[in-house]
Amino acid sequence: MDMQTSFLDRLFDSGLLIDTGVDGLYGRSGQFEDVISAFERLIDTFGGADGAEAIRFPPGMNRAFFETSGYMKSFPQLAGTVHSFCGNELDHMSLLKCMEVGDDWTKDQQATDIVLTPAACYPLYPTVAKRGAIPENGALYDLQSYCFRHEPSKDPARQQLFRMREYVCMGSEKHVTDFRQSWMDRGVEMMKAVGLDVTIDVANDPFFGRAGKMLANNQRDQNLKFELLIPITSVANPTACMSFNYHQDAFGTKWGLNFADGRVVHTACVGFGLERIALALFHTHGLDTKEWPESVRKALWG
């Protein structure tokens, strides 16, 4: 049995994760949630004084905004849409008949106005754009949401529905790149406080198809994306538990985010994969939080 399966099995056996019969879709125990809550408090300790505006969106977003975002150009393989039954009584009868005989009852489902949120910050940009000009000294937002990515996997660190905590910064190029750098430093410091060995490396998103390879190379060459990596299921391929992204003025242009004088704002975001961080902690320190090193318990629970 490979390490990956066995870590997932150990998580199931200990009750920390609950098997639903679908890869990447898990229940979480109280102990698992307690670790996530504690880590989020640690995030607040590091970022709380920055004065970010907290906004919480649900895990579904406006389909029109999703379409504008261009997500389907880059990651069609990861997107999840919400479809519903929109038929009449006759259609309902034939749907039930399909179910009865084991045929595909979903084929006549129609797309709704809701798409599953692919990253916590996606609903933010159109929301902020609607408010008008960005202040000259920039703007900062604190987000947390369940996100969906369609990549079924036996790797417990690659879930289909997972939580992302994010800070998003809008402002001048210098303002947002300084923000990103400060969080890279904080990220290393936070992980050290909870006893996790990390490396930071330049990275790229999983852009789809041949054209995507160019986008990925471009993203790497320009150092637009860095990841904080922690070994969870493999030492050779550590898992990205934080990402630090500089969008240049791409989102500013796309969503019409401008300063009062019309200049386009630059944006950057830092994301925490909350389940991944919890898994890294359980993998490193053991499956019972009571047995974790005193310094780690102190950092998380005081």
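The values are calculated or read from the model by the stated rules, or taken from the named source; none is laboratory data. If you're wondering where the values come from, they're calculated on a predicted model, not measured in any experiment. Note: ideal-geometry Cβ built from the backbone for every residue, glycine included; neighbour counts use all protein chains shown. These area figures cover heavy atoms from the full protein model, side chains too; ligands, DNA and RNA do not enter into them. Shrake-Rupley method; radii C 1.70, N 1.55, O 1.52, S 1.80 Å.
Just a yes or no: is a residue in the stretch 90-107 basic (Lys, Arg), surrounded by 11 or more Cβ atoms within 10 Å (Cβ to Cβ) and assigned by the TED database to the domain that holds Ala216? No: the stretch 90-107 contains no residue that is basic (Lys, Arg), surrounded by 11 or more Cβ atoms within 10 Å (Cβ to Cβ) and assigned by the TED database to the domain that holds Ala216. Filtering the stretch 125-137 to residues that are under 16 Å from Phe251 (Cβ atoms) and touching a residue at least 60 places away in the same chain (Cβ under 8 Å) leaves Tyr125, Pro126, Thr127, Val128, Ala129, Ala133, Ile134. Among the residues of the stretch 250-285, the one identified as acidic (Asp, Glu) and open to solvent by 10 Å² or more (accessible area, probe 1.4 Å) is Asp261. You will find that of Asp261, Asp178, Asp205, the residue that is free of Cβ contacts under 8 Å to residues at least 12 places away in the same chain, farther than 22 Å from His285 by Cα and part of a loop (DSSP other than H, G, I, E, B) is Asp261 and no other.
Residues checked against (1) at positive phi; (2) touching a strand residue (DSSP E or B) at 6+ places or on another chain (Cβ under 6 Å); (3) in a helix (DSSP H, G or I):
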residue: Ile18; (1), (2), (3): no, yes, no
residue: Tyr26; (1), (2), (3): no, yes, no
residue: Arg41; (1), (2), (3): no, no, yes
residue: Phe46; (1), (2), (3): no, no, yes
residue: Gln77; (1), (2), (3): no, no, no
residue: Asp103; (1), (2), (3): no, no, no
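None of Ile43, Ile36, Ile55 is under 21 Å from Arg158 (Cα atoms) and at pLDDT 95 or above except Ile36. Out of Phe32, Phe46, Phe65, Phe57, one residue alone is surrounded by 13 or more Cβ atoms within 10 Å (Cβ to Cβ), touching a residue at least 24 places away in the same chain (Cβ under 8 Å) and under 16 Å from the mean Cα position of the chain (by Cα). It is Phe57. Here the condition is being over 30 Å from Gln109 (Cα atoms) and touching a helix residue (DSSP H, G or I) at 6+ places or on another chain (Cβ under 6 Å); of Leu17, Leu11, it holds for Leu17 alone.
The residues listed here are Thr177, Thr112, Thr127; of these, the one that is among the β-branched types (Val, Ile, Thr), open to solvent by less than 70 Å² (accessible area, probe 1.4 Å) and more than 21 Å from the chain's Cα centre (by Cα) is Thr112. In the stretch 151-169, the residues that are over 14 Å from Arg56 (Cβ atoms) and in a strand (DSSP E or B) reach residues that are at pLDDT 95 or above and among the acidic types (Asp, Glu) with C-beta atoms within less than 7 angstrom, at least six apart or across chains, in these pairs: Phe162/Glu275.
For the stretch 186-202, taking the residues that are among the charged types (D, E, K, R) and either farther than 18 Å from Val168 by Cβ or not in a helix (DSSP H, G or I) (or both), the one that is least open to solvent (accessible area, probe 1.4 Å) is identified as Asp201.
Could you tell me which numbered condition Met164 fails, if it satisfies all but one of (1) surrounded by fewer than 19 Cβ atoms within 10 Å (Cβ to Cβ); (2) among the aliphatic types (A, V, I, L, M); (3) under 15 Å from the mean Cα position of the chain (by Cα)? Checking Met164 against (1) surrounded by fewer than 19 Cβ atoms within 10 Å (Cβ to Cβ); (2) among the aliphatic types (A, V, I, L, M); (3) under 15 Å from the mean Cα position of the chain (by Cα), the one that fails is (1). Scan Tyr141, Tyr122 and give me the residue that is outside any loop (DSSP other than H, G, I, E, B), surrounded by 19 or more Cβ atoms within 10 Å (Cβ to Cβ), in the same structural domain as Val270 (by the TED database) and in contact (Cβ under 8 Å) with a residue 60 or more places away in the chain. Only one candidate passes the filter, namely Tyr141.
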